[in-house]
Amino acid sequence: MGGFFAVASKDDCVADLFYGTDYHSHLGTKRGGLAVKNPEGGFTRFIHDITNAQFRSKFELDIQKMHGHRGIGIISDYEDQPLLIGSHLGNYAIVTVGKVNNAEALIQQAFGKRATHFCEMSGGEINPTELIATLINQEESFEAGIAKALEVIDGSCSLLLLTDKGIYAARDRLGRTPIAIGRKENAWAATMETCAFPNLDYKTERYLGPGEIVLITEDGLEQKKAPGTAMKVCSFLWVYYGFPASSYEGINVEACRNRCGARLARRDTVKPDLVAGIPDSGVGHAIGYANESGLPYQRPFAKYTPTWPRSFMPQDQRMRDLVARMKLIPIRELIAGKKLLFCEDSIVRGTQLKDTVRRLYDKGAQEVHMRPACPPLMYGCKYLNFSRSRSIMDLATRKAIKELEGRQDEHLEDYAKEGTVRHQAMIDLIRRQLGLTTLQYQTLGDLVEAIGLPEEKLCTYCWSGKE
């Protein structure tokens, strides 16, 4: 998905920028980048491939060459960022997070003006951040250009611009991704993950609203465009992608996951010997389940992360499965002869989970019950780049529907609706395919209640198909 961080400080900003950006590493997949505005007026920028290395290790030497009072950093989905842009508005650096579904149409419109060119990425794909910069450059001011870009993009876009005036921060038109503003003595910051603030001594000042644009300087915050009233913030941030110490719209991720687990427990009748979480994001859900049910919480798997990258990163499914397997080390003493109940953030393809379940039985598990913290994933995300390799038809739900119907797109609304015969048939088939004793998903209503925002302010498209 990606995440970014920005600092404007009366002192040198590089240390805060470095560590603040690093706190977004759980969101990133391919690239990391930093840019600062030099005291002399120019930019210093570094970009590195972080596919198989930590962000911190790639930039530790670079930051010794960086100095300035304003800077932006990015952990990117896949494209090189920050970009340095020269335009009639002035020179600036830009980072973006989101997904531009209508990129081809916007590119052709830009070409139609006969005054635009793009630098291609590998594979002939145009860098979406460069496209967004082109949209901004077509207007008479940064404020107007950013507002226009947010308006015409189909998908989502949140961004930072490092300019001579200061740092522009703009949240996606419908607020699908968050931006929080932090403050400490002599400095202001913008972040997507508030977990970046506490150890750098920032306090969350406020959250930007949907479509809001602000200008951040060493002296404070100036609103350039008021927020809109409609919001569709991604619910999956609380379920899976968000770091436990982060908050969005003032709602903490770990506390939300605890509430999710508690709601799963209230609807359950199974009495296992222990409750566990599939590391890492399943842990918060499992703690909530255990506390609510009164059942003991234990760790039948230990997660080994020092040398293994995130499992969704490799494009090859076999490599993803291998990485996932190598990270989870079973503990036989907590598995053999036991009835185990696991909380998981979600079931996507189910391939890794199937292997995990089989390994539990190989170690002597008597029963394995699975409790995903969200409803069945029925649709691929149209708004954020969660995984570029993910096909809708690879989803466990779609594979089950194909087996039941002969096609993967039959009666989708009925399959997505809780309580229908088809919905239950799909879950039963997924349970059998994964080798589970029981499988019970979170209801959408319980998930919405656990998050604590009105449903109309949440994006639930991947489960309901409703935009």
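In the chain the Cα-Cα distances spread across 10 Å bins starting at 0 as 4, 20, 29, 25, 15, 6, 1, 0 percent of all pairs. Treating r as the C-beta distance of Ala230 and Ala115 and R0 as 56 Å, the FRET efficiency rounds to 0.95. How large is the helix-only mean residue ellipticity at 222 nm for the chain, computed as the sum of -39500 (n - 2.57) over DSSP H runs with n ≥ 4, divided by its residue count, in deg cm²/dmol to the nearest 500? Result for the chain: -8500 deg cm²/dmol, rounded to the nearest 500.
Of the beta bridges DSSP finds with both residues in the chain, what % are antiparallel, to the nearest 5? If you can, show how the numbers build up before the last one.
Numbers: 66 of 81 bridges.
About 80 percent, rounded to the nearest 5.
What separates the Cα centres of region 182-248 and region 1-77 is a distance of 17 Å. In this simple spin-label approximation, Ile392 and Ala53 carry label points 7 Å from Cα along the Cα→Cβ vector, and these lie 3.9 nm apart.
Taking the number of Cβ atoms within 10 Å of each Cβ as an exposure proxy, the fewest-first ranking of Val421, Val7, Val36 is Val421, Val36, Val7.
Work out, step by step, the length gained on full extension between Glu40 and Asp280: first 0.36 nm times the residue separation, then minus their alpha carbon distance; give nm to one decimal. Don't skip to the end; give the middle numbers.
On the way: separation 240, 0.36 × 240 = 86.40 nm, distance 4.44 nm.
Extending this stretch completely gives an extra 82.0 nm.
Calculate the dipole size of the chain relative to its Cα centre from +1 charges on Lys and Arg beta carbons and -1 charges on Asp and Glu beta carbons; express the result in debye to the nearest 20. Could you put the intermediate results ahead of the total?
Details: 59 positive and 58 negative charges, 288 e Å.
About 1380 debye.
Computed from Cα atoms, the angle from the helix 103-112 axis to the main principal axis of the chain rounds to 20 degrees. Of the GluC sites (Glu not before Pro) found in region 179-216, the ones in coil according to DSSP and having at most 16 other Cβ atoms within 10 Å of their Cβ are Glu185. Computed from Cα positions, the angle between helix 351-362 and the longest principal axis of the chain comes to roughly 40 degrees.
Using a Förster distance of 30 Å, how high is the FRET efficiency between Lys30 and Arg407, based on the Cβ-Cβ distance and rounded to 0.05? All intermediate terms of the calculation are to be shown ahead of the outcome.
On the way: r = 34 Å, r/R0 = 1.14.
Computed FRET efficiency for Lys30 and Arg407 comes out at 0.30.
Annotation: average projected area of region 1-97 is 5.8 square nanometres, based on the convex hull of Cα atoms across all directions. With neighbours defined as other Cβ atoms within 10 Å of a residue's Cβ, the residues Leu61, Leu412, Leu395 order from fewest to most as Leu61, Leu412, Leu395.
Note on region 3-231: Kirkwood radius taken over Cα pairs, Stokes-Einstein applied at 10 °C and 1.306 mPa s, translational D equal to 92 µm² s⁻¹.
Could you give the length gained on full extension between Arg299 and Lys65, defined as 0.36 nm per residue of separation minus the Cα-Cα distance, in nm?
Details: separation 234, 0.36 × 234 = 84.24 nm, distance 4.41 nm.
In short, 79.8 nm is gained.
Cross-link pairs exceeding 26 Å between alpha carbons, from the set Lys99/Lys402; Lys354/Lys402; Lys99/Lys457; Lys113/Lys466: Lys99/Lys402; Lys113/Lys466.
According to the square roots a ≥ b ≥ c of the eigenvalues of the Cα gyration tensor, what is the shape class of region 251-464, taking rounded for a/c under 1.5, prolate for a/b larger than b/c otherwise, and oblate for the remainder? Intermediate values should be presented prior to the final figure.
Working: a/c = 1.35, a/b = 1.18, b/c = 1.15.
Because its axes are fairly even, with a/c under 1.5, region 251-464 counts as rounded.
Between helix 142-152 and the chain there is an angle of about 40 degrees, using the helix long axis and the longest principal axis of the Cα atoms. Calculated FRET efficiency, Met326 to Glu467, Cβ-Cβ distance, R0 = 51 Å: about 0.85 to the nearest 0.05. With neighbours defined as other Cβ atoms within 10 Å of a residue's Cβ, the residues Arg31, Arg257, Arg431 order from fewest to most as Arg431, Arg31, Arg257. What separates the Cα centres of region 342-409 and region 426-467 is a distance of 12 Å. Farthest toward the positive end of the dipole of the chain, out of Leu221, Gly124, Gly284, is the Cα of Gly284, where the dipole comes from beta carbon charges about the Cα centre.
Each value in this text was obtained by applying a stated rule to the coordinates, not by laboratory testing. Computed from a prediction, not measured in an experiment: that's the story for all the values here. So basically every Cβ, Gly included, is an ideal-geometry build from the backbone, and we count neighbours across all protein chains shown.
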